[in-house]
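Take a look at the structure below.
The values are calculated or read from the model by the stated rules, or taken from the named source; none is laboratory data. Given the structure is predicted, the values throughout are model-derived calculations rather than measurements. Cβ atoms come from the backbone with ideal geometry, glycine included; neighbour counts cover every protein chain shown. Accessible surface is based on the protein model in full, side chains and every heavy atom, while ligands, DNA and RNA are left aside. Shrake-Rupley method; radii C 1.70, N 1.55, O 1.52, S 1.80 Å.
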Amino acid sequence: MYKILKKKILSDSIKLMEIHAPLVAKKAQAGQFIIFRVDEKGERVPLTIADYDREKGSVTIIFQEVGKSTIKLGQKEEGEYILDFLGPLGNPSHLEGYKKAAVIGGGLGTAISYPQAKTLYNLGCEVHAIAGFRNKDLIILEDELKQISHRCIITTDDGSNGTKGFVTDILKQLIAEGNKYDLVVAIGPLMMMKAVCDITREYGIKTIISMNPIMIDGTGMCGGCRIRVGGETKFACVDGPDFDGHLVDFDDAIKRQAMYKKFEKEALHQCRLEGMKNA
Amino acid sequence: MPNMSPKKTPMPHIEDKLRTTTFKEVALGYSEEEAKQEAERCLNCKHRPCVSGCPVGVQIPDFISLIKEGRYIEAYEKITETNTLPAICGRVCPQENQCEKYCVRGIKGESVGIGRLERFAADYYLKHGEFKAPKIEKNNIKVAVIGSGPAGLACAGELAKRGYDVTIFEAFHKPGGVLVYGIPEFRLPKEIVQKEIDALTQMGVKIQTNVVVGKSILIEELFNEYGFSAVFIGTGAGLPSFLNIEGESYNGVYSANEFLTRINLMKAYEFPNVDTPIYVGKKVAVVGGGNVAMDAARSAKRLGADEVYIIYRRSEKEMPARREEVEHAKEEGIIFKVLTNPVRILGDENYWVKGIEVVDMVLGDVDESGRQKPVEVEGSNHVIDVNTVIIAIGQTPNPLIKNTTKGLETNKKGCIVTKDEYGQTSLENVYAGGDAVTGAATVILAMGAGRKAAMAIDKKLKGEKD
């Protein structure tokens, strides 16, 4: 059992939790992920590590309540426990040796791009953080990002925070201003990462993306997380989750992501029914 | 007088109508009467050919004689002298290639049902026997066992008996390895696996789930930080192989590992009462001819598929699956397409599987595996309409430990190299056994390897102490 040390509501459906998991905290590095299971009936759900505190033995996760397990997790309170918490899994990001990087987060992806930006910043790289959200109510980690970047631009699709545009618009703008990046990190919805890669490919800027596909064990056993990279089949859990964005077959990944859509709806429906019973 | 019937005493089965609708165990096991009747078929040969066919040397005629006399608990104890997990092995061993292959009765008729008798003795014990945790003098020497599958459980059991302070590390949330995530309930009830695990914990073995050695903890840390004196690696062969043909990305294509894990470990068949879903189309193709393929095909049938095909490139004779599994699959209406090889998987506009293109094969010359090599029949390509494809063509060892343990020698297939049959690896006090060493093999071989490694660890550590 793993204790919830802290819970914070970041926006309407996005929550932050600090979980007591000393073994995971001891080894965690930016880019790695954990798998949690809320209760005996729960799914095994992968989440990228947002932060960690080795002394406290805690790992921070940030999640959006999109499926039954994340909704159940969101209902847990500080001091309560979750059943399983495994990690750190996957390979740490390789972020050494870059001079100037644009770190882009889309929506919840910002929670994952944050530790990468922080790592780059601490390694002495000049960091431009870009984060995009649908509207101003969905913005997360703005203050945190500002602290670990030399420049931070938060943009919204509808312009409700005063800056309108997609992250790709901002990236183009920054490149046009003459910023010479030797690295772009893009983490968010597959469509967004694909769009970023289309731009950086043009400019020949190395681009790291992070995949978060369907998986069960997270240790290479199920093959459910397989993606196509440079014409080969790779497992996001053991070969990733970071990949060279210019080699990833995003169209394939986008279509595979839809496999359980119908089931997710059914599970959510069930979740609401159970919720009503409890009310 | 021995029972001279040329056939085995039939195994009672669950009612036919329940066969393909529930996950309940299919073979129900012998009654006392049936067991005695079958035991009487054993001629108690002086030269004991059956024993030579058993990978762990179970004293088969001895335990069968005890069954004849109705001394069932003693029969069980006789088996456990060399086999730690008889209730499991009695169910999942490929007896027709081991003990039963050499049975004299098999020359004219069917061999003695050794597996069935082993299972009977073990089940009888589980039901009527009293678990006596053996009196163990603890030596307080810590040994780590990585993986809680058959190799790990056997190794832990043997070490615990010898007084060691054993901790098993398991990556999943539940111990048992392939016995819980891989082999379905209808072939091996999870209750039995749990009883074996309970017996270990009663002997003082500790089990830490949710720990991936190689990620959460490294092997060198087990020695340096956690104070273990020896480590046994029994991490199995968990990495699924794919066909590397066109269309394997389509939705509806599973590795057998994923398909079976969703069912066995995550209980996806209870969705939406549990949260893990599984998709099974009305028409399912399972590629492969081993036990895993049979398990996947029979599971698909139980989850409501109307037509389930086994697609295998050689003939039925070469199938590596246990004879009984092939028979059960046929009884349950699985359609066998042998001498058939997949060429590509076809998808629809929504990226879902709609068919599998296959080609007919003929058997040609004998290859290095000693079997006739299948050769394509040119121009015989045709499409089988299916909406789920399950790939069950084998697994290779997981590379997580190999990648994070300096100096641990592995071969080109990723299997850990051992210096002797006792599992000594290239690192001092690190032993390995089971599928992690051999590549995908059997429960009994893994168990035997775990046990042997335990003896070697004991010898090594005692030697160190003196």
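Cβ under 15 Å from B:Glu221's Cβ, B:Glu221 left aside: what net charge do those residues give with Lys, Arg +1 and Asp, Glu -1?
+4
What is the Cα centroid distance between the stretch B:314-389 and the stretch B:1-43, reported in whole angstrom?
The stretch B:314-389 and the stretch B:1-43 have Cα centres separated by 31 Å.
Kindly report the accessible area of the stretch A:2-89 per residue (heavy atoms of protein chains, probe 1.4 Å, no ligands, DNA or RNA), in Å².
Counting only protein heavy atoms, the per-residue value for the stretch A:2-89 is 37 Å².
Consider a paramagnetic label point 7 Å from the Cα of A:Ile254 along Cα→Cβ; state which residues of the stretch A:214-234 have an amide N under 19 Å from it.
A:214, A:226-231, by backbone N distance to the label point.
Taking the solvent-accessible surface of protein heavy atoms with a 1.4 Å probe, what is the per residue accessible area of chain B in Å²?
Heavy-atom accessible area per residue stands at 41 Å².
Over the protein assembly as shown, what percent of the accessible surface lies on carbon and sulfur atoms, probe 1.4 Å?
Its accessible area is 49 percent carbon and sulfur atoms.
Please compute the alpha carbon radius of gyration of the protein assembly as shown, then divide it by the globular-protein estimate 2.2 N^0.38 Å. Two decimals is fine.
Values: Rg = 27.7 Å, N = 745, 2.2 N^0.38 = 27.2 Å.
So the protein assembly as shown has a normalised radius of gyration of 1.02.
Roughly how large is the B-A contact in terms of buried accessible area, totalled over both chains, probe 1.4 Å, nearest 100 Å²?
3900 Å²
Round to the nearest 10 and give me the degree value, 0 to 90, for the angle of helix A:167-176's Cα axis relative to the longest principal axis of chain A.
Taking the Cα atoms of chain A, the angle to A:167-176 is about 20 degrees.
Would you mind checking the pairs A:Lys255/B:Lys354; B:Lys101/B:Lys419; B:Lys206/B:Lys412; B:Lys282/B:Lys373; A:Lys15/A:Lys172 and listing those with alpha carbons more than 22 angstrom apart?
On the way: A:Lys255/B:Lys354 15 Å; B:Lys101/B:Lys419 30 Å; B:Lys206/B:Lys412 34 Å; B:Lys282/B:Lys373 32 Å; A:Lys15/A:Lys172 31 Å.
As for pairs spanning more than 22 Å Cα to Cα, those are B:Lys101/B:Lys419; B:Lys206/B:Lys412; B:Lys282/B:Lys373; A:Lys15/A:Lys172.
So, with +1 on the Cβ of K and R and -1 on the Cβ of D and E, and no other charges, what is the size of the charge dipole of the stretch A:2-89 about its Cα centre, to the nearest 20 debye?
So the magnitude is around 160 debye.
What does the accessible area per residue of the stretch A:100-210 come to in Å², with a 1.4 Å probe and no ligands, DNA or RNA counted?
Spelled out: the 1.4 Å probe surface of the stretch A:100-210, per residue, equals 41 Å².
Hydropathy first: keep DSSP H helices in chain B averaging at least 0.0 on Kyte-Doolittle, then drop any whose Cα extent along the axis falls short of 30 Å, and list what survives.
On the way: long enough: B:443-465 (33 Å, 0.06).
Those that pass (Cα extent of 30 Å or more, hydropathy at least 0.0) are B:443-465.
Using a loss threshold of 40 Å², tell me which positions in the stretch B:231-264 are less accessible in the complex than in their chain alone. Probe radius 1.4 Å, ligands and nucleic acids ignored.
By number: B:Phe242, B:Ser249, B:Asn251, B:Glu258, B:Arg262.
Would you mind estimating how fast the stretch A:2-89 diffuses translationally, via Stokes-Einstein at 10 °C and 1.306 mPa s with the Kirkwood radius over Cα pairs, in µm²/s?
For these conditions, the coefficient is 126 µm²/s.
How far is it, in nm, from the label point at B:Ser52 to the one at A:Glu77 when both lie 7 Å from their Cα along the line to the Cβ?
7.2 nm
For helix A:261-278, what angle does its Cα long axis make with the longest principal axis of chain A, in degrees from 0 to 90 and rounded to 10?
50 degrees
Just to be sure I understand the interface: list residues from the stretch A:1-40 that lose 10 Å² or more of accessible area between the chain on its own and the complete protein assembly, 1.4 Å probe.
At a threshold of 10 Å² (probe 1.4 Å), the residues of the stretch A:1-40 that become less exposed are A:Tyr2, A:Leu23, A:Lys26, A:Lys27, A:Arg37.
Please give the charge dipole size of the stretch A:123-220, origin at the Cα centre, charges +1 on K and R Cβ atoms and -1 on D and E Cβ atoms. Round to the nearest 20 debye.
Using only the charged Cβ atoms, the result is roughly 200 debye.
Per DSSP H run of at least 4 residues, take -39500 (n - 2.57); add these up for the protein assembly as shown, divide by its residues and hand me the 222 nm value, nearest 500 deg cm²/dmol.
-9000 deg cm²/dmol
With the solvent-accessible surface defined on protein heavy atoms using a 1.4 Å probe, which residues belonging to the stretch B:335-364 display a reduction of at least 40 Å² in accessible area in the multichain context relative to the isolated chain?
Those are B:Tyr351, which lose 40 Å² or more relative to the chain on its own.
Given points 7 Å out from each Cα along the Cα-Cβ axis, report the B:Glu221 to B:Lys406 separation in nanometres with one decimal.
So the label points at B:Glu221 and B:Lys406 sit 1.6 nm apart.
Put a dot 7 Å past each Cα toward the Cβ at A:Lys6 and B:Thr21; how far apart are the dots in nm?
About 5.5 nm, to one decimal.
Report the convex hull volume per residue for chain B, counting only C-alpha atoms, in Å³.
162 Å³
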